[in-house]
Number of protein chains: 2
Amino acid sequence: MVFYLIGLGLGDVEDITVKGLNIVRKCKRVYIEAYTSILCYGLDTSRLEEYYGREVVEADRTIVEQKSDEILDGADVDDVAMLVVGDPFGATTHTDLVLRAKQKAIPVKVVHNASILNAVGCCGLQLYNFGETVSIVMWLDGWEPDSYYDKIASNMEKGFHTLCLLDIKTKEQSVENLMRGRKIFEPPRYLTCAEAARQLLVILERKREAGIQPAYSESSPCVGLARVGWDNQEIVFCSLKELSHYDLGPPLHCMILPGQMHPLEIDMLNTFKPTAVSIT
Amino acid sequence: MVFYLIGLGLGDVEDITVKGLNIVRKCKRVYIEAYTSILCYGLDTSRLEEYYGREVVEADRTIVEQKSDEILDGADVDDVAMLVVGDPFGATTHTDLVLRAKQKAIPVKVVHNASILNAVGCCGLQLYNFGETVSIVMWLDGWEPDSYYDKIASNMEKGFHTLCLLDIKTKEQSVENLMRGRKIFEPPRYLTCAEAARQLLVILERKREAGIQPAYSESSPCVGLARVGWDNQEIVFCSLKELSHYDLGPPLHCMILPGQMHPLEIDMLNTFKPTAVSIT
């Protein structure tokens, strides 16, 4: 009948739309995309199952990429849904799955929802003043990529704000477990604003050492955001140096390096200074 | 108690989130922001009132800008909500109202939802490949602004896609009614993809006449989108020239001028060619 891609929004079970909930309840099979740790968004499958009153099957990257036929199997006669954190076309896309459905002549419908890409507007920075979004990768064991620096610099030069999405590591195996072929996974890890800020400070030093005038400095203004859209959301507006010491608590974090700020943007950001009473 | 800003998503009454609906039902007063024609989004206040089972007060630009005290009045003791089409921080923002609430020490909570800014990903173009969003203004009576051209050209140069939001005219008065001081408003008008494409073709001619090599041509690929997120959503992938003749039906429309396209983006866009069977 129909293959539905349903956005779950920012992490609370009640962030699903009424339309989305009605569809979930009537579908024959319901999957949840578990690429990014849905746990980092506060969602675990059993909680969703309880809330929806039905079974929800976790589909990790391997299943979605290699077994898309399994997911779409029977979607020509029954309704099948894939649940996705955020908006189905937010930070990751599902073009491949949609294309396969279309090839099989299965109608595809999308139930949109909030994505971090627009929800960050809650800090007061205007969405149309954002440049390219970057992903900051977690530095591990001497692997220290910094390709996002150039994009930040390019946005800064044009006066644009840069949204930095922060890395999540899920289903990682220890070297020992990997070598022994044991499918035991480490607990999910996520990059915090403080860690990301520290990485940016190291990059800053390296640029200086290389004789390059860096695009930002220790005192550049930054916005740290944690758990956007949740009841315990936290936003802080401070310097990059300050952010590198600031504890924003549990995941998920993201950060913004503002470009040129307009007076109203600054007024709003000032309500998130570390000293201000925290009002979400 | 709390001042809530609640996103309504893309236009169906059921696009509200479950969380948003629960809040709307318990608030003392509920307003709907009627800046942009909510009718163009298929929403009329009486339909919302029926669905929510409660009164909803329309607040136009004047009320929100000049009478924000009235809206916030009593929000320190009772819950008050402002409903907004899309995401509260999507195409327009409500920074001013939020700032006033904060000044009055009224807690502000936001219930996010889908916005056209991320929902356009449904055409297959990756959101992180979009440059600055532009607004195409409706040409009227010889007033033919073209400042958005430079932004499109700048995005194109960098290989970025450009989302073009199209103008909506609401609460416009005829010259006669304006002169006679009669508060009679013309029916809302909205710019269609075809009209916007025609304006872009005129700008193209003018650039050529001025000896400027234009950023796009008649045969440049375009995406026309109508009623994104609705059951009768339509997407078409064709040339700018073709789009200038293409009828995408009722509002709301937006269009995209793609920059550099990746193979998977092209595969997906090809499913929206005018000749293909329309699958939403």
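The values are calculated or read from the model by the stated rules, or taken from the named source; none is laboratory data. Predicted, not measured: the structure shown is a model, and the values here were computed from it. Neighbour counts are summed over all protein chains in view; Cβ atoms, including those assigned to glycine, are modelled from backbone coordinates with ideal geometry.
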| said: Can you report the number of residues in the range A:195-217 which are of a type in the set (Gly, Ala, Ser) and buried (at least 18 other Cβ atoms within 10 Å of the Cβ)? | reply: 3
| Restricting to the range A:2-26, what's the tally of residues that are within 23 Å of A:Val228 (Cα to Cα) and among the basic types (Lys, Arg)? | 1
| request: Give just the number: which of (1) part of a helix (DSSP H, G or I); (2) closer than 28 Å to A:Val228 by Cα; (3) at pLDDT 85 or above does A:Val64 not satisfy? | output: (3)
| task | Look at the range B:67-89 and say how many of its residues are in a loop (DSSP other than H, G, I, E, B), surrounded by fewer than 22 Cβ atoms within 10 Å (Cβ to Cβ) and either at pLDDT below 90 or among the aliphatic types (A, V, I, L, M) (or both). | result | 5
| field | Residue check, A:Gly42 more than 25 Å from A:Val228 (Cα to Cα), at pLDDT below 90 and not hydrophobic (A, V, I, L, M, F, W, C) | value | no
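Hey, among the residues in the range B:58-98 that are touching a residue at least 40 places away in the same chain (Cβ under 8 Å) and among the small types (Gly, Ala, Ser), which one's nearest to the other protein chains (Cβ to nearest Cβ)?
Checking each candidate, the answer is B:Gly90.
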| message | Condition first: modelled with pLDDT of 90 or more, in contact with a His (Cβ under 6 Å, 6 or more places away or on another chain) and of a type in the set (Gly, Ala, Ser). Can you find one or more residues in the range B:108-118 that meet it? | response | yes
| request: Can you work out which of the residues in the range B:138-159 that are buried (at least 21 other Cβ atoms within 10 Å of the Cβ) and closer than 27 Å to A:Pro88 by Cα is farthest from the other protein chains (Cβ to nearest Cβ)? | output: B:Ile152
| Residue match in the range A:15-24 (condition: more than 26 Å from B:Ile116 (Cα to Cα), assigned to a helix (DSSP H, G or I) and either in contact with a helix residue (DSSP H, G or I) (Cβ under 7 Å, 6 or more places away or on another chain) or without any contact (Cβ under 8 Å) to a residue 40 or more places away in the chain (or both)) | no
| Among the residues of the range B:247-254, is any closer than 30 Å to A:Val18 by Cα, more than 14 Å from every other protein chain (Cβ to nearest Cβ), small (Gly, Ala, Ser) and touching a residue at least 24 places away in the same chain (Cβ under 8 Å)? | no
| request: Kindly indicate the residue of the range B:108-130 that is over 30 Å from B:Ile23 (Cα atoms) and touching a strand residue (DSSP E or B) at 6+ places or on another chain (Cβ under 6 Å) and also surrounded by the most Cβ atoms within 10 Å (Cβ to Cβ) among those meeting that condition. | output: B:Leu125
| note | Going through the range A:230-247 in order, the residues found to be in contact with an Asp or Glu (Cβ under 7 Å, 6 or more places away or on another chain) and crowded, with 19+ Cβ neighbours inside 10 Å are A:Leu240
| task | Go through the residues of the range A:220-241 one by one and say whether even a single one is more than 14 Å from every other protein chain (Cβ to nearest Cβ) and in a loop (DSSP other than H, G, I, E, B). | result | yes
| message | Just to check your reading of the model, which residue among B:Tyr41, B:Tyr51, B:Tyr4, B:Tyr35 is within 10 Å of chain A (Cβ to nearest Cβ) and touching a residue at least 12 places away in the same chain (Cβ under 8 Å)? | response | B:Tyr51
| Which condition number does B:Met179 fail, the rest of (1) more than 24 Å from B:Gln213 (Cα to Cα); (2) modelled with pLDDT of 95 or more being met? | (2)
| remark: Among residues of the range A:99-137 being of a type in the set (Val, Ile, Thr) and within 16 Å of A:Ala226 (Cα to Cα), the residue farthest from the other protein chains (Cβ to nearest Cβ) is A:Ile136
| query | Would you call A:Asn177 more than 27 Å from A:Tyr128 (Cβ to Cβ), within 14 Å of chain B (Cβ to nearest Cβ) and free of Cβ contacts under 8 Å to residues at least 60 places away in the same chain? | reply | no
| query | Looking only at residues in the range B:11-39 that are at pLDDT 90 or above and touching a Ser or Thr at 6+ places or on another chain (Cβ under 8 Å), which one is surrounded by the fewest Cβ atoms within 10 Å (Cβ to Cβ)? | reply | B:Glu14
